[in-house]
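Input: a single structure, listed below in structure tokens.
The values are calculated or read from the model by the stated rules, or taken from the named source; none is laboratory data. This is a predicted model, so every value here is computed, not measured. Using ideal geometry, Cβ is built from the backbone for each residue, glycine included, and neighbour counts are taken over all protein chains shown.
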Amino acid sequence: MIITPSRQRRQRTAWILNTALARIRRHAECQSICRMAVAHYDAISGLVSAMAHAGEGDSLLDTYQQPLAAMPGLVLLAAGPGERIIHDIPRFAIDRAPHHSALRLAGFRSSLTMSIPGAVFGADEVAGFLFVNSKAEGAFTETALQRLSPLLGELTGHLGRELTRSAL
């Protein structure tokens, strides 16, 4: 059985992302961030499914679904807490998966991806992934990361609870 978050959970998650994006963009070093998205991970089926986004979007990314095993970068993040930063998506995304091509074609230049820990089943279980995108190459500088770190830590906590609720 594949666990699919309800429409209400998707809308609430989008609201959380919109609120967080507005809060993040208030900071000068984070103003180039123009998209945030969440993908839900269903450990039973092994599928990662786009759930909600805030800011600029792309229809492929809104409906994207793939097995976790088909996305090596996310497999690494699913193994434990962490983040992945891509400073130059066009160079990274050449001949890669459809989601990289969609990001590149939408004009995104850099990306920060974080695992979202499950809130009920244990911190070592991943409930999903948070994607933060910018149209500026190299947007995730050390200064920006220092500003983002506490905000994204708080956000992944909220999202973990939301994703875990959708699985119950």
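Summary table
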{"read-out": "Output for the stretch 36-52, where each listed residue is closer than 23 Å to residue 112 by Cβ and among the β-branched types (Val, Ile, Thr)", "value": "38, 48"}
{"read-out": "Whichever residue in the stretch 1-10 is surrounded by fewer than 20 Cβ atoms within 10 Å (Cβ to Cβ) and touching a strand residue (DSSP E or B) at 6+ places or on another chain (Cβ under 7 Å) and, among such residues, is nearest to residue 70 (Cα to Cα)", "value": "2"}
{"read-out": "Qualifying positions in the stretch 10-53 - outside any loop (DSSP other than H, G, I, E, B), touching a Lys or Arg at 6+ places or on another chain (Cβ under 7 Å) and either over 21 Å from residue 160 (Cβ atoms) or among the small types (Gly, Ala, Ser) (or both)", "value": "29, 30, 34, 52"}
{"read-out": "Residues of the stretch 11-46 that turn out to be surrounded by 14 or more Cβ atoms within 10 Å (Cβ to Cβ), among the charged types (D, E, K, R) and over 26 Å from residue 80 (Cα atoms), as a count", "value": "2"}
{"read-out": "Pairs with Cβ under 6 Å, 6+ apart, first in the stretch 141-168 and in a helix (DSSP H, G or I), second of a type in the set (Gly, Ala, Ser) and at pLDDT 95 or above", "value": "155/20"}
{"read-out": "Condition check for residue 143: among the polar types (S, T, N, Q), modelled with pLDDT of 90 or more and under 13 Å from the mean Cα position of the chain (by Cα)", "value": "no"}
{"read-out": "Filter result for residue 12 (within 12 Å of the chain's Cα centre (by Cα) and at pLDDT 90 or above)", "value": "no"}
{"read-out": "Residue that is farthest from residue 127 (Cα to Cα) [pool: residues in the stretch 66-77 that are in contact (Cβ under 8 Å) with a residue 12 or more places away in the chain and exposed (fewer than 14 other Cβ atoms within 10 Å of the Cβ)]", "value": "70"}
{"read-out": "Residue check, residue 125 without any contact (Cβ under 8 Å) to a residue 60 or more places away in the chain and not small (Gly, Ala, Ser)", "value": "no"}
